[in-house]
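Please read the structure below before turning to the comments.
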């Protein structure tokens, strides 16, 4: 590792480790999992820095990567993470902007019945039967909410960043910068 990279990594660790750990602890009450996510986040940071890439907003990058890793862990394991509806917003912004950055903002703008359905299934990774029971809805009704919510999310990308939907129903388009995105710039 280059001396500059080691110094930068050490500096970022000192500056953000405590806040990052507290942030994850507020969403997950498993200290071992939080420690693993923090460690893996800094390993990703190390790989990012040694690849010669630069960060314009390191704190935002760390928080976003850690949050995504926590979501991925829960999605893979079929468990849930505490994230109230009012927190369905992106963390601080960076100059790098991709479609994943718009997702929580788009979901937050959906009508409540679709927001809950998409959030529980696609963000938290719950099975549709489990989520329907949690919301006390009939399974066919809940499945309809998920389908309609997903269509609204796709439309959100079209409205937000001028994506198009191809013949296969997949999103196509160029990644916009933060200030060009109608969802993320707010």
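The values are calculated or read from the model by the stated rules, or taken from the named source; none is laboratory data. These figures come from a predicted structure and were not determined experimentally. All Cβ positions, glycine included, derive from the backbone under ideal geometry; neighbour counts span all protein chains shown.
Each residue in segment 49-70 was checked for being at pLDDT 80 or above and in contact with a helix residue (DSSP H, G or I) (Cβ under 9 Å, 6 or more places away or on another chain), and 12 of them qualify. Do we find that residue 23 is over 16 Å from residue 71 (Cα atoms), touching a helix residue (DSSP H, G or I) at 6+ places or on another chain (Cβ under 7 Å) and either without any contact (Cβ under 8 Å) to a residue 24 or more places away in the chain or surrounded by 10 or more Cβ atoms within 10 Å (Cβ to Cβ) (or both) in this structure? Answer is no for this residue.
Could you tell me whether any residue of segment 113-129 is modelled with pLDDT of 70 or more, assigned by TED's automatic domain parsing to the domain that holds residue 25 and either surrounded by 14 or more Cβ atoms within 10 Å (Cβ to Cβ) or part of a loop (DSSP other than H, G, I, E, B) (or both)? Within segment 113-129, not a single residue is modelled with pLDDT of 70 or more, assigned by TED's automatic domain parsing to the domain that holds residue 25 and either surrounded by 14 or more Cβ atoms within 10 Å (Cβ to Cβ) or part of a loop (DSSP other than H, G, I, E, B) (or both).
Tell me, which residue of segment 36-48 that is loosely packed, with under 13 Cβ neighbours inside 10 Å and either at pLDDT 85 or above or touching a helix residue (DSSP H, G or I) at 6+ places or on another chain (Cβ under 9 Å) (or both) is farthest from residue 74 (Cα to Cα)? Steps first, answer last, please.
Step one: of segment 36-48, the residues loosely packed, with under 13 Cβ neighbours inside 10 Å are 39, 43, 47.
From the residues that got through so far, the ones that are either at pLDDT 85 or above or touching a helix residue (DSSP H, G or I) at 6+ places or on another chain (Cβ under 9 Å) (or both) too are 39, 43.
Values: 39: 17, 43: 20 Å.
Of everything passing the filter in segment 36-48, 43 is farthest from residue 74 (Cα to Cα).
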